[in-house]
Amino acid sequence: MRMPNLTDAIGGMSLSSPNRVLVVGCAYGGISAIVNLLEYSNGKARQPVYPGPDFKGAKSRRGVEVTVIDERDGYFHSVGAPLAHVASEYTSHMWKRFSHLNELKQPNLTFKHGSVKSINPEAKVAEWSDRSGKTQQQAYDYLIVATGLKRHWPAVPKSGSYEEYLRDGKSFIEKITGGDESKHEGRRVVIIGAGAVGIEFAGEIKQYYPKIGVTLVHSRDQVLSSEPLPSELKDRVGTMLKEEGVDVVLGNRAKIEELSNGKFEVTLANGEKITADFVIDSTRKGMPTTDILPEACLNEDKEIKVHNSLMFKDTIPNHTSHFGVGDVIQWSGIKRAGSATVMGQAAAQNIYSSILNSELPETAPESDRHGQTELPSWDAVIGIAVGKQCLTYDPKNGIKYGVEVMQNYFGKDLGWTASLKYMGLTDTIDPVEVELKEPEATKLTEVGIKPVSIAA
Ligand SMILES: Cc1cc2nc3c(=O)[nH]c(=O)nc-3n(C[C@H](O)[C@H](O)[C@H](O)COP(=O)(O)OP(=O)(O)OC[C@H]3O[C@@H](n4cnc5c(N)ncnc54)[C@H](O)[C@@H]3O)c2cc1C
């Protein structure tokens, strides 16, 4: 990693210049931080999931200027990937270009399409590479790192632009269906790895193309084997997969060989062979995205070490100006979109609180200063789609599953309509309300946030 050096820093801060907030990564965590920060800066506030300081509509004297850098040109609903990359009518739906989101067209919000390569916390400068490969620098007063985990196609898009993504999606679906979505009798797709991603892809393929044979192969004796969840839940998900028509093979590793006729031979550890038209590998784990940061702020799993306020720990200079949200940080429970969304909101509260405090006169009494929101640790909770059914679990409410649970929890598009509605985002081109029937109500529970359970 090359650190931008101190003298590279552009635009030293003056008393009258706006507070510059840089958000790196703009999906659940990043976008939630932006939406909340912009509302605060406009003297508004939404009901926070975790109560924070009451700013009473106070506006920053210097104002707030938000810059976003993301490798993608839009907000992608990773939760919906198993549907987007299986059913063509959902591919474009799950990627909302930033330039098409009405509420993000604001004079104090700028999007930059590119990849951050390194952060120098001492100089408060990020070095990033734009789409043409040109290196640029971005100075900031506050930083939010929301870069998630680096996941693999088809769990998430492999391209950074909407147009390229559409092409990738189309060609992947053709490999599943053989190119003709109406004639797939006799085809077989084998999915290796029964973690959440493999399970959801298996369920969606079977739901959308019932005539395609779907085999899900897993090396352990239970699906979801690496998740810290009750055994009974894992058995139930295994049963649901079978109810949906998926052939589940447990306790077997698989070897894949591509045949000269374009098909694949899958050899199981027990010697059994399956001929597949297409194989999806969902065994690969998400990788850290934190090589852009000094090692001093990371734990041994390369996650950012943060306080309960989401502020970086004091292992780097200017740590009070650096925040991390979502999958990229060290936190309790299972890494989830809902959790990232809640964190984005809390980081916005805490940065805005810092901004207002920094503008108080030195003589201001302590009672005028705003406090920080501290998030509690949370339990492992899950909401998983299995074809037309869904299973939800949290320690307080236990296991719930079935078709009705699916409708209430995920709606028709794996929670995307509800999630956009919760964030208050609308698309200029593809108004979600028109395209798809809305879930009955927009609550945090429907985007998988479940404030009660994560607070437990
Ligand atoms: C198939 C699938 C199904 C899932 N199902 C569920 C579910 O049902 N419920 C649930 O709660 N969670 C689910 N998850 C997990 C959920 O998607 C993640 O927890 C969530 O995406 C984390 O949000 P985030 O904002 O932290 O990061 P991400 O959503 O990963 O976003 C990170 C952003 O940062 C950008 N980025 C990364 N590196 C850089 C860089 N160096 N420079 C610039 N930009 C960068 C990326 O382009 C991306 O836009 C699922 C995940 C997958 C893959």
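Quick check on Ser32: is it in contact with an Asp or Glu (Cβ under 6 Å, 6 or more places away or on another chain) and either within 16 Å of the ligand (Cβ to nearest atom) or at pLDDT 95 or above (or both)? Reasoning before the result, please.
Details: in contact with an Asp or Glu (Cβ under 6 Å, 6 or more places away or on another chain): no; either within 16 Å of the ligand (Cβ to nearest atom) or at pLDDT 95 or above (or both): yes.
So Ser32 does not fit the description; no.
Just to be sure before I move on: is Lys313 surrounded by 15 or more Cβ atoms within 10 Å (Cβ to Cβ), touching a helix residue (DSSP H, G or I) at 6+ places or on another chain (Cβ under 9 Å) and free of Cβ contacts under 8 Å to residues at least 24 places away in the same chain in the structure I sent?
Here the answer is yes, as Lys313 does meet what is asked.
To keep it simple, each residue is scored yes or no on (1) closer than 17 Å to Pro82 by Cβ; (2) outside any loop (DSSP other than H, G, I, E, B); (3) more than 12 Å from the ligand (Cβ to nearest atom).
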residue: Ile355; (1), (2), (3): no, yes, yes
residue: Ser367; (1), (2), (3): no, yes, yes
residue: His370; (1), (2), (3): no, no, yes
residue: Pro376; (1), (2), (3): no, no, yes
residue: Ala380; (1), (2), (3): no, no, no
residue: Ile384; (1), (2), (3): yes, yes, no
residue: Ile399; (1), (2), (3): no, yes, yes
residue: Met406; (1), (2), (3): yes, yes, no
residue: Thr417; (1), (2), (3): yes, yes, yes
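Any chance you could count how many residues in region 330-340 are more than 8 Å from the ligand (Cβ to nearest atom) and either part of a helix (DSSP H, G or I) or surrounded by 24 or more Cβ atoms within 10 Å (Cβ to Cβ) (or both)?
The total comes to 0.
Collect the residues in region 116-153 that are more than 15 Å from the ligand (Cβ to nearest atom) and out of contact with any helix residue (DSSP H, G or I) (no Cβ under 6 Å at 6 or more places or on another chain), keeping them in residue-number order.
Pro121, Glu122, Lys124, Ser132, Ala139, Asp141
Given the residues Ser332, Ser339, Ser309, Ser321, which is the only one that is within 15 Å of Val23 (Cα to Cα) and hydroxyl-bearing (Ser, Thr, Tyr)?
The match here is Ser321.
Output yes when any residue across region 434-453 is under 20 Å from Asp327 (Cβ atoms), modelled with pLDDT under 95, assigned to a loop (DSSP other than H, G, I, E, B) and basic (Lys, Arg), and no when none is.
yes
Against the condition under 18 Å from Val79 (Cβ atoms), touching a Cys at 6+ places or on another chain (Cβ under 9 Å) and among the small types (Gly, Ala, Ser), how does Gly383 come out, does it pass?
Here the answer is yes, as Gly383 does meet what is asked.
If you take the residues of region 1-29 that are within 13 Å of the ligand (Cβ to nearest atom) and modelled with pLDDT of 95 or more, which of them is nearest to Trp128 (Cα to Cα)?
Val24
The values are calculated or read from the model by the stated rules, or taken from the named source; none is laboratory data. Note that the structure is predicted; figures quoted are calculated from it, not measured. Please note: Cβ atoms are built from the backbone with ideal geometry, for glycine as well, and neighbour counts cover all protein chains shown.
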